[in-house]
Amino acid sequence: ITRKLNNLKLRDKLIISLVILVAIPISIVGLYLTQQLRDGAIEDAISESKMNMERMKKRTAEVLKVPIYISDNLQFDQQLDTVANTSYDSRYQVVEAYENYKLFTYYLEYYNEISTIRFFMDNPTMLNNWEFIPIDEEVKKEEWYQETTKNPDLMRWYYVNDSTKDNGPYLSLVRRINFLKTNTFGALVITVNTSELEWILNQETLRAMIVDEENNIVA
């Protein structure tokens, strides 16, 4: 090899020297720096995604706290107890009781995070005004209602069909409301305003979605 190199022309020797001493080291350094920049860019993207996720989780939690807060208040509402457990003698009495109960309307007007509040009660003397709903056989077959019946302290998220909104399924907090004096209970269903969740996602630069534990796309 040494003899062949000695026999090369000066120009060829210079080219070989240039390749060995300059081109190869520059290529190695370039590949190394490219890899480092790539790894750094990936780490930055992952870090930014994690920060975006945490921000979205916090903002989503703020929306979902509202139905929980409302259900906590209604759990101890004596007027709700009276309206739900009264045995009415006429339609007029039912309408009058509903008109005097303003709390559902107040929550719906004050909190944009929710779209409907419905209370299901096993009281055949009540009327369905899309807020107070007497329980029928169809409701009793629903999974969310059966789970509510079995678990006195149940509070879970379900997709519940909303007859006030084209009967489509909407993400809803379902909670059993126990009335201790009468030893009865009702099912409170508070539907989340999904446009609030979509608004949160639309503020982010990355595409994202919110899914429940059964992989249903919420927003």
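The values are calculated or read from the model by the stated rules, or taken from the named source; none is laboratory data. Everything quoted here is computed from the prediction, not taken from an experiment. All Cβ positions, even for glycine, are placed from backbone atoms using ideal geometry, and neighbour counts span all protein chains on display. Note: accessible area is taken over every heavy atom of the protein model, side chains too, but ligands, DNA and RNA are not part of it. Shrake-Rupley method; radii C 1.70, N 1.55, O 1.52, S 1.80 Å.
Observations on the structure shown:
- Check on LEU103, open to solvent by less than 80 Å² (accessible area, probe 1.4 Å), under 34 Å from the mean Cα position of the chain (by Cα), more than 30 Å from GLN203 (Cβ to Cβ) and of a type in the set (A, V, I, L, M, F, W, C): yes
Okay, residues lined up against (1) charged (D, E, K, R); (2) outside any helix (DSSP H, G or I); (3) loosely packed, with under 14 Cβ neighbours inside 10 Å:
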position	(1), (2), (3)
ALA23	no, no, yes
ALA41	no, no, yes
SER47	no, no, yes
GLU54	yes, no, yes
LYS57	yes, no, yes
LYS65	yes, no, yes
ILE70	no, no, no
VAL83	no, no, no
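- Cβ-Cβ under 9 Å pairs, at least 6 apart or on other chains, region 68-87 side within 16 Å of MET126 (Cβ to Cβ), far side assigned to a helix (DSSP H, G or I) and open to solvent by 30 Å² or more (accessible area, probe 1.4 Å): GLN79/ASN100; GLN79/LEU103; LEU80/LEU103; VAL83/ASN100; THR86/GLN93
- Single residue of region 96-126 satisfying the filter (touching a residue at least 60 places away in the same chain (Cβ under 8 Å) and not in a loop (DSSP other than H, G, I, E, B)) that is farthest from LYS165 (Cα to Cα): MET121
- Filter result (modelled with pLDDT of 95 or more and more than 26 Å from PRO169 (Cβ to Cβ)) within region 107-124: none
- Matching option when the condition is more than 28 Å from GLY186 (Cβ to Cβ), small (Gly, Ala, Ser) and within 26 Å of the chain's Cα centre (by Cα), among ALA45, ALA61, ALA23, ALA41: ALA45
- Condition check for GLU143: open to solvent by 20 Å² or more (accessible area, probe 1.4 Å), more than 19 Å from the chain's Cα centre (by Cα) and modelled with pLDDT under 90: yes
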